[in-house]
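Step one of this worksheet: look at the structure below.
The values are calculated or read from the model by the stated rules, or taken from the named source; none is laboratory data. On a predicted model such as this, the values are computed, not experimentally measured, just so you know. Every residue, glycine as well, gets a Cβ built from its backbone with ideal geometry; the counts of neighbours run over all protein chains shown.
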Amino acid sequence: MKDGSKKFLKNGLGQLTIPLIAVALLVIFNLIRDPSFFSISITHNNVGNAVLSGNLISIINGASELAILAIGMTLVTAATKGQDISVGAAAAIAGSVFVKVLKSGSEISVGMVLLAFLCACLVAMIFGAFNGTLVAVFNIQPMIATLILYTCGRSIAYWINGGATPTVNSPILNAIGSFAPGIPVPTPVIIVIAVTILFKLLFHFTSLEILTQSVGINQSAARLNGINTTFIKLLSFILLGVCVSVAGCIGVSRLGLINHETLLLDVEMDAILAVAIGGNSLGGGKFKISGSIIGAYVIQMLTITLYAMKVSSTDVKAYKAIVIVLLVVIGSPVVKERFRKIFKKGKSGTKGVEAA
Amino acid sequence: MRRFSKVLSLALVVIMMFALTACGGDGSIKVGVVNNPPSESGYREANVKDMEAVFSKENGYELKTAYSLKNDEQLQAAQGFITEGVDYLLISAAETTGWDEVLKKAKDAGIKVYLFDRMIDVDESLYEAAVVSDMAKEGETAVNWLLSQNLDEYNVIHIQGAMGSDAQIGRTGALDAQFASGKMNKVVQQTATWDEAEAKKIVESVINSGEDFNVIYAENDGMAKGAVAALDEAGITHGVDGEVIVMGFDCNKWALRELKAGAWNYDGQCSPFQAKIISDLIKSGNAPSSKKIINEEKGFDAKTLTDADIDTYGLGE
Amino acid sequence: MQEECLLKLRGIDKYFPGVRALHNVDFTLRKGEIHALMGENGAGKSTLIKILTGVYQMDDGSITIDGEAVSIHSPQDAQNKGISTVYQEITLCPNLTVAENMFIGREGGLLVNQKEYKRKADEQLQSLGIPARGGQQLGSCSLAVQQMVAIARAVDMKCKVLILDEPTSSLDDKEVNMLFSLMRDLKAKGVGIIFVTHFLEQVYEVSDRITVLRNGELVGEYLTKDLPQVQLVARMMGKELDELGDFGETDSAAGSDSPVFYEASGLVSEETNPFDFTIRKGEVNGFTGLLGSGRSESVRAIFGADKVTGGTVKVNGEEVKISRPVDAMKKGIAYLAEDRKRDGIIADLSVRENIILALQVMNGFFKPISRSESEAFADEYIKALNIKTASSETPIGSLSGGNQQKVILARWLLTHPDYLILDEPTRGIDVGTKLEIQKLVLQLARDGVSVTFISSEVEEMLRTCSRLIVMRDRHIVGELKGEDLNQAQVMKTIAGGEA
């Protein structure tokens, strides 16, 4: 057991060091700026539920879609050494399908919502399989392959909507996108936990993790070990499709409206950044889902902090970029190697003294 | 000079009318519309539908349409309409520049040009008239309505659209004047770039900071809806008899329904209905009284809104 | 003699992480000679050339040009010192003209006008007898002419040493002859040419002298006329005898009466010609031949690693279809690939994960090997194969070559194969580990496992195999067993009938 914790410190934390330091710095910065920044209070929302509120809740709630997408993006990155830039557009499609199915019935019941989600999920998986086929079968660079859906995805969503911004109103959707009756934690946060557990179970009950990593690290060797590399890559895109549909449906449920132009706009870049900030190599191979999730929260915390500081709206993106560049550079192999060398030098220096 | 051009245009009209009777086999008026694609926004969708409804066969028109977000594609389409020999060319341009040559060609070919929704940077003589919205006026109407509410204090969360867009500049102007005069307090002024979810985050952030506010001025309906979602989560009442006044723009049908239900207080119209004005001008045969025709736009108050208003002025379904 | 000496390399050492690529290598090039540099894959030829051309920096040793000690820091530096290289793949720009290609990127190039370019190019091309004109687009010339233009460029840059790295591999016979006559011309003009090729006949046709490298060390320098082809092959493949000691007899009779495990007839992949092959239970056999003879390609076809396009395969007498590696694995066939880095290790994954990988694939997607189970497997094999690693969680990439190889071996042993194919399992690893692997092969055979063993060291194969299949030019040219299984016979068969 002791050995295990040592191992964790040595390997496990290694990758998570940067994102955790980033979280810590943001927390400290905010506490200095405003000691009550992270205070949580209980209020009653307009439906009459007792719910938690505060910046911390806003952060973990607001990051939900991003965290879920980051999970799928991590898998795609690991297996294909590339990223899917169409997740925002695909989420808009999934959201549109979700709304379309909901509006097709006379009233919105739990069963209807479930059916709508399954349809959205299926459609997102099909689009994922489309991207995956381009990448795995035709060997097209993931960013180029997904550029197609990135460009036309929102038009497809519009076409499904048959109108610019259809709205759906239902207490059930409100319970999904906001708070469920009797539960003070935002439902999207619970969905993130559920999706994370689902993926953990997937890794536990299948050999997906080691196969994905093998394909990403050394495709040629993976193939000679009998791994169906095409299948693994395709699967990563399909699983990302599942994540996309969940994120899209949360997004729709939050507002009861699908705007194909703005739903999860620019989320692909944030999702890729979450993967990178989480210490995962964008060049594929070894990965840690937890890193990407923390990465998503780092990005959201940064956004909320900037909002709270009332940073001029147009400057928010610039500030975000600066912080993210710093994080990614610090996490880059080059800088890591430097640090390691300095650290080693310090160590061997003291050893030398001892020997003398 | 002016007189001469008037005479010329009159002469042109006469010639055109002859031409019409000469070549229009079934007597219908050929209209070419160069517009942005309906997928651009709910506004555009309503705009396109309106054009199709007004310039219909029943009304004696033969309608040709071309939709693109790209200026050069629009230019090509306009060129095509000129070659085909339409009688009228209606344009909502993607960009304000680059249209000189095509409009000159249209003029040479005796085609009358109407601009709608958006102005173009060309000499006035190249088009008959431009039928446009006055975004600044929309803002003024809204702010005047807000002032008429006679609140003790105006603490405003101002959620802006994509910075630099016509709608944002126009709708921001009137409110900025109030902030400057000190009549209203700016709690926060942020752009959500027309993104509903972003608007929610902005409002959430203000709520978390504990600052007081009693007005949300969102520059479109979607962002107003996002803002309301944040209020609902925090248990803050809004709308008629609520703690916070909610204002939106564009008059989507669903937004007007929110208004009718009393969840919001005000929605400003941004009318996409220019087709009828243009059609009337065409049918009357008279030259328009002014080169710039402002499309009349209303502001709706939750208390006075009727179901008929929703049907008449609401966009979408 | 002394003043004839153009280029002298002495005591060159070069290390890469975990590998000694060159050790104490000497090389001498004289004015006006064509000098063939020979060696099997991994012998150190390309490393030596890269040091000469400034791509790599040597770790120890000296370089002298025209009697003057120099150090070469970069490819540009090498060019300035008169060393030019023409690579196998053309490195010129096909959509520029011949003249532009000859003068591009050189001093004052910007100021010289096009006409001047063309005139100078035509002059040079004519004097070398190259059938191309300066104004012609390079891409419109044949590959041979393109290569010759590259040589003309080098000559025009006043090169003293011209390195030709596999220049003939994509040329036909006529083009080869054209190239050779150009080489002889240059030789007459006093240029020293280093000729790297794996075509033995060409070496004998054009070269004056041969230097042989093996395992990063110098074997010797010979006058071409004094070194028969068989001897050259022997030198390239090595024949250090018995310094590894005795570790048990190969039972050449072993398996001769046991049932056939694997049988292929007319097996053909995208990389091979059709061939027949059988192996019995408990038999150790081997494919031998020079680099490029098709020995690796043959076993890759057996394993389904390359796309199999025809032939019938029987395993245990039953006809089966093996078109992907996983098919072979399910039939009990394991394949340790030739290129450990490219096709073997999953560098960032741990020793443990690398060991269980093949078994995991065979178990299937829905039956993951649990952490505790995989740890037990890893520990077992780390101990059994004496793998030196800090722990089973160490990334395999940080292990030495020999230990990496043992991990890959463990990976395949864990699948309990009936038939193990080992392609160059001992390349680039230390003598001790080599010996362990050879012992292991014999042990496996005694336990009834069939083994196909490929090595570029004939000695090693003679020690382990009871039957050798000899390949040349992608064809099986002989099968040696029993009394014929000796060094001389192997060399003779590899080199071909004559000599």
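Based on this model, can you work out whether B:GLU62 counts as part of a strand (DSSP E or B) and among the charged types (D, E, K, R)?
Here the answer is yes, as B:GLU62 does meet what is asked.
Return yes when C:ILE210 is within 21 Å of C:GLY82 (Cβ to Cβ) and β-branched (Val, Ile, Thr) and no when it is not.
The answer is no for C:ILE210.
What tally of residues in the range C:348-361 results from selecting those that are under 14 Å from A:LEU224 (Cα atoms) and either facing chain A (nearest Cβ under 7 Å) or free of Cβ contacts under 8 Å to residues at least 12 places away in the same chain (or both)?
The total comes to 4.
For the range B:40-51, state whether one or more residues are more than 14 Å from chain A (Cβ to nearest Cβ) and either crowded, with 20+ Cβ neighbours inside 10 Å or farther than 24 Å from B:ASN220 by Cβ (or both).
The answer is yes; a qualifying residue exists.
Which residues, counting only those in the range A:216-238, are among the polar types (S, T, N, Q) and facing another protein chain (nearest Cβ under 9 Å)?
Once the filter is applied, which keeps residues that are among the polar types (S, T, N, Q) and facing another protein chain (nearest Cβ under 9 Å), the range A:216-238 yields A:ASN218, A:SER220, A:ASN225, A:ASN228.
So how many residues does the range C:146-160 have that are buried (at least 20 other Cβ atoms within 10 Å of the Cβ) and touching a Ser or Thr at 6+ places or on another chain (Cβ under 7 Å)?
Residues in the range C:146-160 being buried (at least 20 other Cβ atoms within 10 Å of the Cβ) and touching a Ser or Thr at 6+ places or on another chain (Cβ under 7 Å): 2 in total.
Restricting to the range A:71-108, what's the tally of residues that are surrounded by fewer than 24 Cβ atoms within 10 Å (Cβ to Cβ) and of a type in the set (Phe, Trp, Tyr)?
Final tally of qualifying residues: 0.
Taking the condition within 11 Å of another protein chain (Cβ to nearest Cβ), on the phi > 0 side of the Ramachandran plot and surrounded by fewer than 20 Cβ atoms within 10 Å (Cβ to Cβ), does A:GLY182 pass?
Taking the combined requirement at face value, the residue does not satisfy it.
Which of the residues that make up the range C:362-375 are charged (D, E, K, R) and within 8 Å of another protein chain (Cβ to nearest Cβ)?
C:LYS367 - this is the single residue of the range C:362-375 that is charged (D, E, K, R) and within 8 Å of another protein chain (Cβ to nearest Cβ).
Can you work out which of the residues in the range C:383-393 that are away from every other protein chain (no Cβ under 13 Å) and crowded, with 17+ Cβ neighbours inside 10 Å is farthest from C:GLY432 (Cα to Cα)?
Among those that are away from every other protein chain (no Cβ under 13 Å) and crowded, with 17+ Cβ neighbours inside 10 Å, it is C:THR389.
Results for (1) within 24 Å of the chain's Cα centre (by Cα); (2) at negative phi; (3) outside any helix (DSSP H, G or I), shown as yes or no for each residue.
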position: B:ALA230; (1), (2), (3): no, yes, no
position: B:GLU233; (1), (2), (3): no, yes, no
position: B:ARG257; (1), (2), (3): yes, yes, no
position: B:TRP264; (1), (2), (3): yes, yes, yes
position: B:LYS283; (1), (2), (3): yes, yes, no
position: B:PRO288; (1), (2), (3): yes, yes, yes
position: B:ILE293; (1), (2), (3): yes, yes, yes
position: B:GLU296; (1), (2), (3): yes, yes, yes
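Pull up the range C:309-347, narrow it to residues that are away from chain A (no Cβ under 14 Å) and in contact with a Leu (Cβ under 7 Å, 6 or more places away or on another chain), then point me to the one that is surrounded by the most Cβ atoms within 10 Å (Cβ to Cβ).
Result: C:VAL313.
Looking at the range B:152-198 only, could you name the residues that are buried (at least 20 other Cβ atoms within 10 Å of the Cβ), more than 14 Å from chain A (Cβ to nearest Cβ) and part of a loop (DSSP other than H, G, I, E, B)?
Across the range B:152-198, the qualifying residues are B:TYR154, B:MET184.
Among the residues of the range C:196-241, write down those that are in a helix (DSSP H, G or I) and not hydrophobic (A, V, I, L, M, F, W, C).
C:GLU201, C:GLN202, C:TYR204, C:GLU205, C:THR224, C:LYS225, C:ASP226, C:GLN229, C:GLN231, C:ARG235
Scan the range B:204-215 and tell me whether some residue there is closer than 30 Å to B:ARG44 by Cα, more than 7 Å from chain A (Cβ to nearest Cβ) and assigned to a strand (DSSP E or B).
Among the residues of the range B:204-215, at least one is closer than 30 Å to B:ARG44 by Cα, more than 7 Å from chain A (Cβ to nearest Cβ) and assigned to a strand (DSSP E or B), which makes the answer yes.
From the list C:GLU380, C:GLU436, exactly one residue is more than 14 Å from every other protein chain (Cβ to nearest Cβ), of a type in the set (Asp, Glu) and closer than 30 Å to C:ILE469 by Cβ. Which is it?
C:GLU436
Of the residues in the range A:314-329, how many are under 15 Å from A:ALA22 (Cα atoms), within 14 Å of chain B (Cβ to nearest Cβ) and at pLDDT below 80?
0
Within the range A:30-57, restricting attention to residues that are of a type in the set (S, T, N, Q) and in contact (Cβ under 8 Å) with a residue 24 or more places away in the chain, which residue is farthest from the other protein chains (Cβ to nearest Cβ)?
A:ASN30
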